[in-house]
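Below you'll find the structure, written out as structure tokens, and then a few comments.
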């Protein structure tokens, strides 16, 4: 059978957003684990900055409500389960490209989250398989995606989400510069879908001399530009 | 036959976990809300002996060959109508007859590339055809993936039993698509989208055959040729569309104008012979419940052979003799509305009250063409495992026949069973489950 190598606009969109949401699952869980560790026996000031950023709208009153909410509250778009559901919604449209084996890691993650929610598991460690399966998902995708453009679109989504999250959580310049480098690596593979003007602006802003995430205007400007980079 | 399946039965929970892992689901709309649910799988297979299968295979090939000849005839010479074998009212009043298809020559003369023939086995061991599905029969993906999983979970079962491989269905499909495509371009599977009840199957077949899964809006027609549109406005020629969209939604410029699922002008490309449509448009005229009655006659008419497979004893109230018989025996017959599908519009006379029987009788008197009646066949029940108990339930078999340059019967099939002990209705949309179908090699 003659294999199709071109990607439709709808499929490109699904690939990109699958990459973004799956990375959001991974990074949110990583941050939640950090916060959870500090909440075990730490002072308020130890965990509050990260807790506040994970629960921007201040939905959850106690630490326990917060932990359960960030893991299982699917009415809140910032939670792990909400991101996993959206990753799945995109992935389900891509079975023929990513193959059932790759898709199965997301199926298992979502099923586990629902099971843990049913049991009201409070310890974040119950989500460890989700971290493992997320990494397995990426490994499997890299291995099995025969259409390289499809893989680049997913990786672009993944790296843009990573950059976005690092900025929101005020990571240092070195980490952010590295993440931006990764984004640019994938841009070089598919230059047609990148907004060059936005890229130029970002190049000018993401330099050591101007880097100041304490400046709200600067930070919001960066976030806005990052989310305008890809033309899909 | 010495069949050893204990290990497989013991692995039931593991098998179901794997089904969940692979997202083996189907969608159901209830009260306008879409829900996806796992298709309940029973690990005890339906077992068909080598000799029974040889008989079925021969009969299925014969039946589908005759149906394909009938479809060609209906849309071309109409010999079977002129010769008085099938009354013209049954053809032209059928909802599945599409006058727009008159004179179209599908690639290779094939109409029903994928036929799903529903059969039951009577308690006496006799097989009966209950229904021919020639439009977009679904369900083959379930036994395919079930076999994939059961082989992983219980390899010994397949060492100990000589079961014919069934994972070649995707190869049958892709070979047939290649033959119909004839090198014109890529082959696609056109799905109505994520919220279609058989979406799992559409995406699974795309994965397994190497075809592209196309959504409404991905395909367009230019100069009577079909193309798949890329993100940079590039286009690639499409030579074959395995469409999982109903006839009436396929071309909004010719059929249902409000359809967003189809491809404007695809019928022009099809008429010009620039794209193959699998299955052909207009096949509904041959799988109409009324036309079913005539299929054995078609076999004799077109092939000059005795039909190998039997229909369930069927009566058409359209004929005076049958009309009288049906009205007299309505309380012990099963009555089917020819315009319904999916297990809907099927009533058993024995389940109706006196008033309901009277109401049905009046409906038949009003519109005799709308109904068929059948004797209730005493199906052979199959064992299923309910919790940890073996119970017996009604089951049918959907056999799949793939026709390209040649006609092949897939050595497996979808065995569906009712989970309700008092019901004959096995459809998944009505709560039924499924089994793998083993065809034994010896």
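Give me the log10 of I(q) over I(0) for the protein assembly as shown at q = 0.05, 0.09 Å⁻¹, as the Debye formula computes it from C-alpha points; what are the numbers?
Evaluating at q = 0.05, 0.09 Å⁻¹ gives log10 I(q)/I(0) of -0.29, -0.86.
Could you state the per residue volume, in Å³, of the convex hull enclosing the Cα atoms of chain B?
Measuring per residue, one finds 155 Å³ for the Cα hull of chain B.
For the stretch A:1-128, what is Rg from Cα atoms divided by 2.2 N^0.38 Å, rounded to two decimals?
Taking N as the residue count of the stretch A:1-128, the ratio is 1.22.
Averaging sequence separations of C-alpha pairs under 8 Å and six or more residues apart, then dividing by the length of chain B, give the relative contact order as a whole percent.
24 percent
Taking the radius of gyration and the Kirkwood hydrodynamic radius from Cα positions alone, what is the Rg/Rh ratio for the stretch B:313-375, to two decimal places?
That ratio equals 0.92.
Where the centroid of each part is defined by its Cα atoms, how far is the stretch B:181-221 from the stretch B:341-390 in Å?
The two parts, judged by their Cα centres, are 36 Å apart.
Does the stretch B:126-229 come out rounded, prolate or oblate, given a ≥ b ≥ c as the square roots of the eigenvalues of its C-alpha gyration tensor, rounded meaning a/c under 1.5 and, failing that, prolate meaning a/b above b/c?
Here the stretch B:126-229 falls in the prolate category.
Determine the relative contact order of the stretch A:9-146: mean sequence separation of Cα pairs under 8 Å and six or more apart, normalised by residue count, in whole percent.
Rounded, it is 28 percent for the stretch A:9-146.
In µm²/s, what is D for chain A at 20 °C and 1.002 mPa s, where D = kT/(6 pi eta Rh) by Stokes-Einstein and Rh is the Kirkwood radius from Cα pairs?
Translational diffusion coefficient: 115 µm²/s.
Considering only DSSP beta bridges with both partners in chain B, what is the antiparallel share in %, to the nearest 5?
75 percent
Return a whole-number percent for the relative contact order of chain A, with Cα pairs under 8 Å and 6 or more residues apart as the contact set.
25 percent
Run lengths n ≥ 4 of DSSP H only: what is the helix-derived mean residue ellipticity at 222 nm for chain B, with -39500 (n - 2.57) per run over all residues, to the nearest 500?
Calculated at 222 nm, the ellipticity per residue is -8500 deg cm²/dmol.
So what's the back-of-envelope 222 nm ellipticity for chain A, counting only DSSP H runs of four-plus at -39500 (n - 2.57) apiece and dividing by all residues, rounded to 500?
So the helix-based figure for chain A works out to -24000 deg cm²/dmol.
Which shape class applies to the stretch B:160-219: rounded if a/c is under 1.5, otherwise prolate when a/b exceeds b/c and oblate if not, where a ≥ b ≥ c are the square roots of the Cα gyration tensor eigenvalues?
Judged from the Cα gyration tensor, the stretch B:160-219 comes out oblate (a/c at least 1.5, b/c at or above a/b).
Shape verdict for the stretch A:103-232, please, from the Cα gyration tensor: rounded (a/c under 1.5), prolate (a/b greater than b/c) or oblate.
Cα axes put the stretch A:103-232 in the oblate bin.
When Cβ neighbours within 10 Å are restricted to other protein chains, what is their mean count per residue of peptide B:199-206?
Counting Cβ atoms of other protein chains within 10 Å of each residue's Cβ and averaging gives 3.
Need one value for A:6-18: mean number of C-beta atoms belonging to other chains within 10 Å of its residues' C-beta atoms.
Mean inter-chain Cβ contacts per residue within 10 Å come to 4.
Mind jotting down the distance between the C-alpha centroids of the stretch B:296-314 and the stretch A:88-119, whole Å?
Taking the Cα centre of each part, the stretch A:88-119 and the stretch B:296-314 sit 47 Å apart.
Determine, for each peptide in A:59-71, B:138-150, B:260-272, the mean count of other beta carbons within 10 angstrom over its residues, then list the peptides with the highest first.
Listed from highest to lowest mean packing, they are B:138-150, B:260-272, A:59-71.
Bear in mind that the values in this text are calculations on the coordinates, not laboratory data. Just so you know, these numbers come straight off a predicted model, no measurement behind them. Every residue, glycine among them, receives a Cβ derived from its backbone with ideal geometry; neighbour counts consider all protein chains shown.
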